[in-house]
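Have a look at the structure below, then the notes.
The values are calculated or read from the model by the stated rules, or taken from the named source; none is laboratory data. No experiment lies behind these values; they were computed from the predicted model shown. Glycine also receives a Cβ, built like all others from the backbone with ideal geometry; neighbour counts cover every protein chain displayed. Ligands, DNA and RNA are stripped out before the accessible areas are found, and what is left, the full protein with its side chains, is counted by its heavy atoms. Shrake-Rupley method; radii C 1.70, N 1.55, O 1.52, S 1.80 Å.
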Amino acid sequence: MTDELHQVRLCVNGLTHEVQVPARRLLSDALRHDLGLTGTHVGCEHGVCGACTVLVDGRPMRSCLMFAVSAEGAELTTVEGLAEEDGSLGPVQQAFAECHGLQCGFCTPGFLTTITAGLRENPRPTREECRDMIAGNLCRCTGYQNIVKAVERAAELVEERA
Ligand code: FES
Ligand code: FES
């Protein structure tokens, strides 16, 4: 039996794409396989690890827990959309590079999107608040110390670039 296809308009990183997907197509799969935006990583596919986090109207969401059809009309931002307009690293990306916040990098896109949204809500987090900001993202490599430092550094960079 073939699935009925639905025409969906996905607005991602400022560009609009028309895709035809079955109703059960996950947003994470639509981004990666239909749009080729493979920066969004898929770890657990159960909403646990946070690797697939993208911004939906500015708010972090697990794209493995959302259907592509339900993203119609929303403004989506993936890790590819976090660079500056001139292509240089965005503040959170820069902070990860400076503070060695990544090792294998598998978890990194989810951290970058989560922290971007977190700093918009709380631009001057305490160390404890930095830890809270990333509490829903799992990293198997880094032990988190450098990621917490990267959140603090990202806050400085966001302020400097404002
Ligand atoms: S892949 Fe979505 S939360 Fe793990
Ligand atoms: S850097 Fe490898 S899982 Fe986080």
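Structural remarks
- Built amide H within the under 5 Å cut-off of His17, gap 5+: Leu10, Cys11, Val12
- Helix 108-121 vs. the chain, principal-axis angle (Cα, 0 to 90°, nearest 10): 70
- Placing a label point 7 Å from the Cα of Glu75 along the Cα-to-Cβ direction, the residues of the stretch 14-44 whose backbone N falls under 17 Å from that point are 14-17.
- Taking the Cα centre of the chain as origin and assigning +1 to Lys and Arg Cβ atoms and -1 to Asp and Glu Cβ atoms, the resulting dipole is close to 480 debye.
- Apportionment of accessible area to carbon and sulfur, the chain, percent (1.4 Å): 50
- Ordering Asn122, Val19, Ile147 by Cα displacement along the dipole of the chain toward the positive end leaves Ile147 in first place; charges were set at the Cβ atoms of Lys, Arg (+1) and Asp, Glu (-1).
- Label-point separation in nm, Arg120 to His6, each point 7 Å along Cα→Cβ: 2.4
- In this Cβ point-charge picture (+1 for Lys and Arg, -1 for Asp and Glu), the stretch 91-161 has a dipole of about 180 debye about its Cα centre.
- Acute angle (nearest 10 degrees) that the helix 145-161 long axis makes with the longest principal axis of the chain, alpha-carbon atoms: 90
- Once the 1.4 Å probe is applied to the protein heavy atoms, the chain comes out at 54 Å² accessible per residue.
- The charge dipole of the stretch 1-49, taken about its Cα centre with unit charges on the Cβ atoms of Lys, Arg (+1), Asp and Glu (-1) only, comes to about 120 debye.
- At R0 = 45 Å, FRET efficiency that the Cβ-Cβ distance of Arg140 and His17 yields, to 0.05: 0.90
- Spin-label pair Asp132-Arg24: with each label point 7 Å from Cα along the Cα-Cβ axis, the two points sit 3.9 nm from one another.
- Remark: the Glu98-Arg59 segment gains 11.5 nm on full extension, using 0.36 nm per residue and subtracting the alpha carbon distance.
- The alpha carbons of the stretch 5-81 stretch over 29, 24, 19 Å along the principal axes, in descending order.
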